[in-house]
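Enquirer: The structure follows.
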Amino acid sequence: MSVEKNTRSFEQGIETDFSDKMSYGSYLRLDLLLAAQQPVSRPEHHDELLFIIQHQATELWFKLILHELRAVRTELRADDLRQAMKGIARVKHIQRTLTEQWSVLATLTPSEYAQFRGDLGASSGFQSWQYRAVEFLLGNKNPAMLEVFAADPAAHALLSDLLDATSIYDEFLALLHRRGYAVPPAVLERDVREAHVFSRELVAAFKYIYENTHDNWDVYEACEELVDLEENFQLWRFRHLKTVERTIGYKPGTGGSSGAAFLQKALELTFFPELLAVRTEIGRP
Ligand code: HEM
Ligand SMILES: N[C@@H](CC(=O)c1ccccc1NC=O)C(=O)O
């Protein structure tokens, strides 16, 4: 076979018999994965496959984000800040991919979506337990969010466990305390089932770190990583909102909320409010 024929030679050593060897498809369980795209519209709408794959790809990346964030939490607890930062760096890359991915779904026009939206019933991303799990792990706890999982015991249990457990932020603040920083006792002893609420005294601890970066380099770097993580999360939420606005305008959501207005409110939530507030204080007496 030659270059002139534009054909690559099939090398002698290439494996061809997979009757009792693991292959690409069997390792990746492509039988399961590629059987999971089941449009519900009848007749099947051409664009429903895009809608399903966009969501499934997102859920796969959410799965990895959760896996990484759980490890980060354990590493923080073990005072292994360097390993924890490596995990956060990976999560930041996944977030960028997810935010970029919205442009694919933005090719779905309002006219196209309207042709199969009715087939989605009451289902909605609001019922994504992996998304909620990420929010919980980062510290934005909200017990009310469990209500929609009453009929799904596995999802309910997963979220209930996370609600009872410490968040990444709780573990980071505990690490700072162990290293001698002035983390207020009320923050360290807070009810972990509630959302983290803003603490002015904690801002003072961060102010010290941010005004003495040279002597506090590793924790300073960690603070900035958390700020990146939060910003990336917000960018994803913003692209979701913009996609919703261009696709369904200001109609209520299938999940029963007001739609865009409800999503807009999520942009006011913060995971690490003191890490944003400290910026106003730097350089002030
Ligand atoms: C055309 C595309 C989309 C539209 C029109 C849309 C619309 C909406 C609306 C209106 C809500 C509010 C809840 C409700 O009442 O339904 C919502 C929530 C949500 N959607 Fe989407 N969505 C789209 C795509 C996606 C995709 C691709 C994902 C990825 C998994 C996603 C994940 C979520 C999540 C996690 C929530 C809950 C947000 C929160 O609690 O703040 N959505 N969506
Ligand atoms: N809430 C959307 C429907 C929707 O986007 C959706 C439906 C089923 C599964 C995931 C979805 N994605 C995000 O909410 C709507 O109101 O059109």
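The values are calculated or read from the model by the stated rules, or taken from the named source; none is laboratory data. Treat the numbers as computed from the prediction; the structure is a model and nothing was measured. We place every Cβ from the backbone using ideal geometry, glycine too, and count neighbours over all the protein chains shown. For the accessible areas, the whole protein counts, side chains as well, though only heavy atoms, and no ligand, DNA or RNA atoms are used. Shrake-Rupley method; radii C 1.70, N 1.55, O 1.52, S 1.80 Å.
Enquirer: If each residue of separation counts as 0.36 nm, what is the full-extension length gain between R237 and A114 once their alpha-carbon separation is subtracted? Intermediate results must be reported in sequence, preceding the final value.
Expert: Working: separation 123, 0.36 × 123 = 44.28 nm, distance 2.23 nm.
Separation in residues times 0.36 nm, less the Cα-Cα distance, equals 42.1 nm.
Enquirer: For segment 59-192, calculate the relative contact order in percent as a whole number, restricting contacts to Cα pairs under 8 Å that are 6 or more residues apart.
Expert: On the way: 98 pairs, mean separation 36.5, N = 134.
Computed value for segment 59-192: 27 percent relative contact order.
Enquirer: Please say if segment 90-139 is rounded, prolate or oblate, where rounded means a/c under 1.5 for a ≥ b ≥ c the square roots of the C-alpha gyration tensor eigenvalues, and otherwise the choice is prolate for a/b larger than b/c and oblate otherwise?
Expert: Numbers: a/c = 4.84, a/b = 1.47, b/c = 3.29.
In terms of gyration-tensor shape, oblate.
Enquirer: Now a separate question. Evaluate the distance, in nm, between pseudo-label points positioned 7 Å from the Cα of S124 and of V104 along their respective Cα→Cβ axes.
Expert: Taking the simple label geometry, S124 and V104 are separated by 2.5 nm.
Enquirer: Give the ranking of S258, S128 by solvent-accessible surface, highest area first, calculated with a 1.4 Å probe.
Expert: On the way: S258 65, S128 15 Å².
Most to least solvent-accessible, the answer reads S258, S128.
Enquirer: Which of the pairs K92/K251; K63/K141; K21/K92; K21/K86; K86/K242; K86/K207 have their Cα atoms more than 29 Å apart in this structure?
Expert: Working: K92/K251 32 Å; K63/K141 19 Å; K21/K92 36 Å; K21/K86 35 Å; K86/K242 31 Å; K86/K207 24 Å.
Too far apart for the 29 Å limit: K92/K251; K21/K92; K21/K86; K86/K242.
Enquirer: Oh, and also: Once the piece of chain linking R29 and N142 is laid out straight, how much longer is it, given 0.36 nm per residue of separation minus the C-alpha distance between them?
Expert: Working: separation 113, 0.36 × 113 = 40.68 nm, distance 3.50 nm.
Difference between extended and current length: 37.2 nm.
Enquirer: Another one. In nm, to one decimal, how far is the modelled label at R96 from the one at T280, with both set 7 Å along Cα→Cβ?
Expert: Roughly 3.1 nm, to one decimal.
Enquirer: Select from G118, G256, G25 the residue whose mean-square fluctuation is largest in a Gaussian network model of the chain (Cα-Cα springs shorter than 10 Å).
Expert: Maximum fluctuation in the GNM of the chain, among the listed residues, is at G25.
Enquirer: Can you give the helix-only mean residue ellipticity at 222 nm for the chain, where every DSSP H stretch with n ≥ 4 adds -39500 (n - 2.57) and the sum goes over all residues, rounded to the nearest 500 deg cm²/dmol?
Expert: Working: 13 runs with 168 residues, N = 285.
After summing the helix terms and dividing by the residues of the chain, the value is -18500 deg cm²/dmol.
Enquirer: I need the shape label for segment 100-227. Rule: rounded when a/c is under 1.5, else prolate if a/b > b/c, else oblate, with a, b, c from the alpha carbon gyration tensor. Let's see the in-between values first.
Expert: Numbers: a/c = 3.61, a/b = 1.81, b/c = 1.99.
Here segment 100-227 falls in the oblate category.
Enquirer: Right, another one. Compute the Cα gyration tensor for segment 1-135, then decide on rounded, prolate or oblate, letting a ≥ b ≥ c be the square roots of its eigenvalues: rounded whenever a/c is under 1.5, prolate when a/b is larger than b/c in the other cases, and oblate in all that remain. Spell out each step's value before the answer.
Expert: Details: a/c = 1.99, a/b = 1.07, b/c = 1.85.
Judged from the Cα gyration tensor, segment 1-135 comes out oblate (a/c at least 1.5, b/c at or above a/b).
Enquirer: Can you put T254, T107, T243 in order of accessible area, largest first, using a 1.4 Å probe? Intermediate results must be reported in sequence, preceding the final value.
Expert: Numbers: T254 40, T107 95, T243 10 Å².
Greatest to least solvent exposure: T107, T254, T243.
Enquirer: Using only Cα atoms, locate the centre of segment 231-276 and the centre of segment 147-183, then give the distance between them in Å, rounded to an integer.
Expert: 23
Enquirer: Here's another thing I want to ask about it. Residue farthest toward the positive end of the dipole of segment 41-118, with Cβ of Lys/Arg at +1 and Asp/Glu at -1: which of Q101, F51, F62?
Expert: Projecting each Cα onto the dipole axis, the largest value belongs to F62.
Enquirer: I need to check one value: relative contact order of the chain, counting alpha carbon pairs closer than 8 Å and at least 6 residues apart, in percent.
Expert: Details: 267 pairs, mean separation 57.9, N = 285.
Dividing the mean separation by the residue count of the chain yields 20 percent.
Enquirer: Specify the residue with the greatest mean-square fluctuation among R190, R42, R70, computed from a Gaussian network of the chain linking alpha-carbon atoms under 10 Å apart.
Expert: Looking only at R190, R42, R70, the biggest GNM fluctuation is shown by R42.
Enquirer: Let me ask something else. Just to be sure I understand the model, the point goes 7 Å from the Cα along the line to the Cβ. What's the resulting T213 to E44 distance in nm?
Expert: Going from the T213 label point to the E44 one covers 5.4 nm.
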